[in-house]
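Undergrad: One structure, pasted below without further comment.
The values are calculated or read from the model by the stated rules, or taken from the named source; none is laboratory data. The structure displayed is predicted, hence computed values, not measured ones. In this analysis, Cβ positions are derived from the backbone assuming ideal geometry, glycine residues included, and neighbour counts consider all displayed protein chains.
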Ligand SMILES: NC(=O)c1ccc[n+]([C@@H]2O[C@H](COP(=O)([O-])OP(=O)(O)OC[C@H]3O[C@@H](n4cnc5c(N)ncnc54)[C@H](OP(=O)(O)O)[C@@H]3O)[C@@H](O)[C@H]2O)c1
């Protein structure tokens, strides 16, 4: 589910709106939709006119299909106007920097929580067929404000299926972990810092889930395709220790242990043990089923799927999939990030194999 593209037929002739469409995920989604589906219209909804201008230039050849709508998810009236005539919505708009959330909590609540409520209300009123909202591993048993706002958003979208009642609108969630190379994340940070000869490491055992932007976008489209309404779709993706990433990016660098920062976990989690009994193992991904009474697994065809055992959790520390160093190198090189220029040369030989850590017992 994370590498394939769903049958583009379901999007053929449809109108798809992406909130936060100028972001990393939005850009990738637009590329995939233009390449693999034949939507009637793709609407990008976001606040900053310059990002929209840049994106319009990038996709100039598709101006007949691609439209831009300036707006803020905090503004329900604007969303209602934007949603007119739209079939599917992908809700990617969010504030997402963990430290910024701790210092600006009300701003995160306004965008990530009240914005979610506005998207739900506007989608029901406009008769949208399906809404796929984005979530993060930080939303499972959250310990920081960002994760807490995304958990709240997830719960609002699940409950949105009740609010929609007899109307057709259905809501589901796609939750995943760190996107390799995303803005402000650890890979660009290590690439920038390795010239100093010192890489700060929070904790030698810290692990993270890793997914490429392309896989993330494909996963979201598959969730939009497969959803019945109320599911949290979780891809099975590999983990890597942050210290192994540091060894890869700066093999000659000294590591300075700086300690886990406020709001950070040692290992991330995508399915919390309290949701384990309600989770289905679908091979390439998990589905966390909703606990609200609108959900009928028999009607939705989920009753024949394999359940996870009670207490099951999915954490980056106890993962049975690990990123191979060669794969991480390839993913980093493909991004062409600043600071990686000389790595093309340096990484022409095979990477030293680092043993995968023993599974952690707690996430
Ligand atoms: N990147 C990751 O590692 C990661 C991992 C897991 C989940 N996710 C989730 O995936 C989604 C997309 O992430 P991304 O990496 O594409 O983020 P991104 O690159 O930061 O893009 C965020 C987008 O949201 C827009 N936006 C922000 N506030 C808005 C508002 N109030 N109203 C309308 N648009 C607004 C931004 O454009 P303007 O500033 O112009 O409005 C931008 O287009 C998010 O929901 C995030 O929580 C990301």
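Undergrad: Anything in the stretch 149-170 that is free of Cβ contacts under 8 Å to residues at least 24 places away in the same chain and surrounded by fewer than 20 Cβ atoms within 10 Å (Cβ to Cβ)? List them, or say none.
TA: 155, 165, 166
Undergrad: A further question on this structure: Of everything in the stretch 1-26, what is in contact (Cβ under 8 Å) with a residue 40 or more places away in the chain and farther than 22 Å from residue 287 by Cα? Give them in sequence order.
TA: Start the filter on the stretch 1-26 by keeping residues that are in contact (Cβ under 8 Å) with a residue 40 or more places away in the chain, which leaves 1-7, 10-11, 14-21, 23-26.
Correct list: 11, 14, 15, 16, 17, 18, 19, 20, 21, 23, 24, 26.
Undergrad: For the stretch 84-107, enumerate the residues that are within 10 Å of the ligand (Cβ to nearest atom) and touching a residue at least 24 places away in the same chain (Cβ under 8 Å).
TA: Result: 90, 91, 92, 93, 94, 95, 96, 97.
Undergrad: Please verify whether residue 229 is surrounded by fewer than 23 Cβ atoms within 10 Å (Cβ to Cβ), on the phi > 0 side of the Ramachandran plot, at pLDDT below 95 and under 21 Å from the mean Cα position of the chain (by Cα), treating the condition exactly as stated.
TA: So residue 229 fails the test.
Undergrad: Determine which member of the set 89, 158 is under 16 Å from residue 18 (Cα atoms) and in contact with a strand residue (DSSP E or B) (Cβ under 8 Å, 6 or more places away or on another chain).
TA: The unique qualifying residue is 89.
Undergrad: Any idea how many residues of the stretch 171-189 are surrounded by fewer than 22 Cβ atoms within 10 Å (Cβ to Cβ), touching a residue at least 60 places away in the same chain (Cβ under 8 Å) and more than 8 Å from the ligand (Cβ to nearest atom)?
TA: Summing the residues that are surrounded by fewer than 22 Cβ atoms within 10 Å (Cβ to Cβ), touching a residue at least 60 places away in the same chain (Cβ under 8 Å) and more than 8 Å from the ligand (Cβ to nearest atom) in the stretch 171-189 gives 3.
Undergrad: Within the stretch 223-340, which strands (runs of 3 or more DSSP E) (wholly inside it) include 1 or more residues that are farther than 30 Å from residue 189 by Cα and touching a strand residue (DSSP E or B) at 6+ places or on another chain (Cβ under 6 Å)?
TA: 232-235, 279-281, 285-288
Undergrad: Also, I was wondering about something else. Could you count how many residues in the stretch 252-268 are surrounded by 12 or more Cβ atoms within 10 Å (Cβ to Cβ) and farther than 30 Å from residue 140 by Cα?
TA: Residues in the stretch 252-268 being surrounded by 12 or more Cβ atoms within 10 Å (Cβ to Cβ) and farther than 30 Å from residue 140 by Cα: 1 in total.
Undergrad: All but one of (1) at pLDDT 95 or above; (2) under 22 Å from the mean Cα position of the chain (by Cα) hold for residue 36; state the number of the condition that does not hold.
TA: Result: residue 36 fails condition (1) only.
Undergrad: Examine the stretch 195-208 for a residue that is touching a residue at least 24 places away in the same chain (Cβ under 8 Å), farther than 22 Å from residue 259 by Cα and within 15 Å of the ligand (Cβ to nearest atom), and state whether such a residue exists.
TA: No; the residues of the stretch 195-208 include none that is touching a residue at least 24 places away in the same chain (Cβ under 8 Å), farther than 22 Å from residue 259 by Cα and within 15 Å of the ligand (Cβ to nearest atom).
Undergrad: Right, another one. Please work out which one of (1) surrounded by 20 or more Cβ atoms within 10 Å (Cβ to Cβ); (2) more than 21 Å from residue 217 (Cα to Cα) is the condition residue 75 fails and give its number.
TA: Unmet for residue 75, out of (1) surrounded by 20 or more Cβ atoms within 10 Å (Cβ to Cβ); (2) more than 21 Å from residue 217 (Cα to Cα): (1).
Undergrad: Being more than 25 Å from residue 178 (Cβ to Cβ) and within 16 Å of the ligand (Cβ to nearest atom), is that true of even one residue in the stretch 9-28? Lay out the reasoning, then the answer.
TA: Step one: list which residues in the stretch 9-28 are more than 25 Å from residue 178 (Cβ to Cβ), which gives 9-17.
Now narrow it down to the ones that are within 16 Å of the ligand (Cβ to nearest atom): 16-17.
Looking for residues that are more than 25 Å from residue 178 (Cβ to Cβ) and within 16 Å of the ligand (Cβ to nearest atom), one finds at least one in the stretch 9-28, hence yes.
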